[in-house]
Amino acid sequence: MPEQRVVLITGAAHGIGLAAAERLLRDGCHVVIADRAAEAPPLAARYVRADVSDEAAVASLVAGIRETEGRLDGLVCNAGFMIRKPIGELSLAEWSSVLATNLTSTFLLVRAAEELLRKAGGSVVTVASTRAHQSEPDTESYAASKGGLVALTHALAISLGPAIRVNAVSPGWIDTHAEKLRPEDHAQHPAGRVGRPEDTAALIAWLLGPESGFVTGAEFVIDGGMTRKMIYED
């Protein structure tokens, strides 16, 4: 059994999840990554290919941690995706698939991992989005899933505390795909730049650690100030 803290991160083959895995590895954690990607990222982490929207897959994932690592100190529920379609073209199956991965997976993971997390006095971080509070057109399923995730976060914090802390991180524009960003993209942010995955990873690491021991049921918006900026068009 590893002596260091054990953290499970879902959706960590790229983007924010990958950055969180890299950060936690540097902090000395033993990291387990779960993702649907066929290939594991080049990290010193244990990789499990799993669809966390599937109940049986989640049960198997957590059982594997119980048998292999023997403990679980942190859970980062990061798996998610978007389908951008006019609502008249969005099928029920597509709607359900987004909610299953982005929202229901957190319920499945926390339910399966509750015993391990309680024993460790663990912490859960959900990765929501500023789209829980504001939207672009044709993003109904994604916005609903992220809004539900914020609500699920504080509900879990009340139900599972004080043994388990549960908090949400809601990123804004984070450059997860090495976009060709323009000066005006950065300038529109009060912080002066578009976010990087490492920004969110640092916040996740803090929320999993002992220095945030008095923090639970909270949502942390990390968006360079954009949701506080009043925007008018001439």
- Note on the structure: Ignoring trypsin sites (Lys or Arg not before Pro) buried by more than 12 other Cβ within 10 Å or outside DSSP loops, the longest site-free run in the chain is 85-179
- Note on the structure: With R₀ set to 30 angstrom, the calculated FRET efficiency between the beta-carbons of Lys85 and Asp175, to the nearest 0.05, is 0.80
- Note on the structure: Going residue by residue through region 166-175, the Karplus relation 6.51 cos²θ - 1.76 cosθ + 1.60 with θ = phi - 60° gives ³J(HN,Hα) values, rounded to whole Hz and with x marking Gly or Pro, of 9, 9, 10, 10, 10, x, x, 7, 10, 7
- Highest to lowest packing among 51-62, 98-109, scored as the average C-beta count within 10 Å: 98-109, 51-62
- Message: Sort 72-78, 202-208 by the packing proxy (mean of other Cβ within 10 Å over each peptide's residues), most packed first.
- Response: 72-78, 202-208
- Item | Cα-derived Rg to Rh of region 4-54, Kirkwood definition | 0.94
- Could you list log10 I(q)/I(0) for the chain at q = 0.17 Å⁻¹, which the Debye formula gives when each Cα is one point scatterer? -1.29
- Report, in deg cm²/dmol and to the nearest 500, the calculated mean residue ellipticity at 222 nm for the chain, where each DSSP H run with n ≥ 4 adds -39500 (n - 2.57) and the sum is divided by the residue count. -12000 deg cm²/dmol
- Query: What spacing in nm lies between the two simple spin-label points modelled at Ser60 and Ala44, each 7 Å away from Cα in the Cβ direction?
  - Reply: 2.9
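Read the figures in this text as sums done on the coordinates, not as results from a lab. All of these numbers come straight from a predicted model, not from anything done at the bench. For neighbour counting, all protein chains shown are included, and Cβ atoms are generated from backbone atoms with ideal geometry for every residue, glycine included.
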